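The next block holds one structure in the form of structure tokens; read it before the comments.
Just so you know, all these numbers are worked out from the coordinates, no wet-lab data involved. Here the structure is a predicted model, which is why all the values come from computation and not from measurement. Cβ: placed from backbone, ideal geometry, glycine included. Neighbour counts: every protein chain shown.
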Amino acid sequence: MVLPIGPLMIEHRLIERMISVMAKEIERIQSTDTVNPKFIDTAVDFIRIYADQCHHGKEEKILFRDLKKKNLKPDDQRIMNELINEHVHGRDLTGRLVAAKKKYELGDKAALEEIVNIMNQLVNFYPKHIEKEDKVFFKSAMKYFNQTEKDAMLEEEYEFDKQFIHVVYKNIVTQAEQNL
Ligand SMILES: [Fe+2]
Ligand SMILES: [Fe+2]
């Protein structure tokens with residue numbers, strides 16, 4: 001029996017792999033004193049598209065949405081608010097990383113420290129966020145739903161994923177049209 005938190009926990013494992021690569025890239029940046037902007041582009045794309053739109057998307061638009069309809073215990077409510085705020089914080093850090101990378105590309109070498117600092121924050125923050133969901137929140141969250149509700153959520157997650165690539169590329173085309 002697959003629970004709606006099943007796919008989310010599988011996605012956490014891929015996010016952790018990217019975070020590990022980012023941690024190694026921080027060491028490389030520091031030992032060579034150079035930034036590889038292409039790596040930053042790849043990491044930002046992964047965080048924005050996969051971790052935020054796809055993964056946080058399912059958490060916020062399906063799991064958290066349904067939890068908001070329940071009478072949550074104060075602790076669960078508090079943790080859910082923290083998780084939502086952490087998603088916002090992740091978006092903010094990612095935006096700042098993009099800005100710092102642009103500065104570096106324009107020749108501002110001081111942006112290297114800023115890039116390292118922001119990447120460090122992402123590398124430190126994401127595993128803690130994931131652990132809070134995996135080990136604490138997800139298990140408590142499942143107690144609020146009966147089997148029919150859990151099945152409906154899982155089905156909606158599958159449907160979300162099925163549509164996802166089309167949404168992503170539609171956005172890319174729309175963006176390209178606007179940049180003409
Ligand atoms: Fe999350
Ligand atoms: Fe998550």
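Here is how the numbers come out for the structure above:
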| read-out | value |
| --- | --- |
| Residue 103 vs. criteria within 19 Å of residue 28 (Cα to Cα) and of a type in the set (Lys, Arg) | no |
| Residue count for the stretch 1-20, restricted to those that are farther than 20 Å from residue 67 by Cα and hydrophobic (A, V, I, L, M, F, W, C) | 6 |
| All positions within the stretch 31-90 that are β-branched (Val, Ile, Thr), over 18 Å from residue 15 (Cβ atoms) and more than 16 Å from ligand 1 (Cβ to nearest atom) | 32, 34, 35 |
| Helices (runs of 4 or more DSSP H) contained entirely in the stretch 1-118, each with at least 3 residues that are of a type in the set (S, T, N, Q) | 5-32, 74-105 |
| Some residue of the stretch 124-141 being over 30 Å from residue 4 (Cβ atoms), of a type outside the set (Lys, Arg) and either assigned to a helix (DSSP H, G or I) or in contact with a strand residue (DSSP E or B) (Cβ under 9 Å, 6 or more places away or on another chain) (or both) | no |
| Single unsatisfied condition, residue 112 versus (1) under 18 Å from the mean Cα position of the chain (by Cα); (2) surrounded by fewer than 20 Cβ atoms within 10 Å (Cβ to Cβ); (3) hydrophobic (A, V, I, L, M, F, W, C) | (1) |
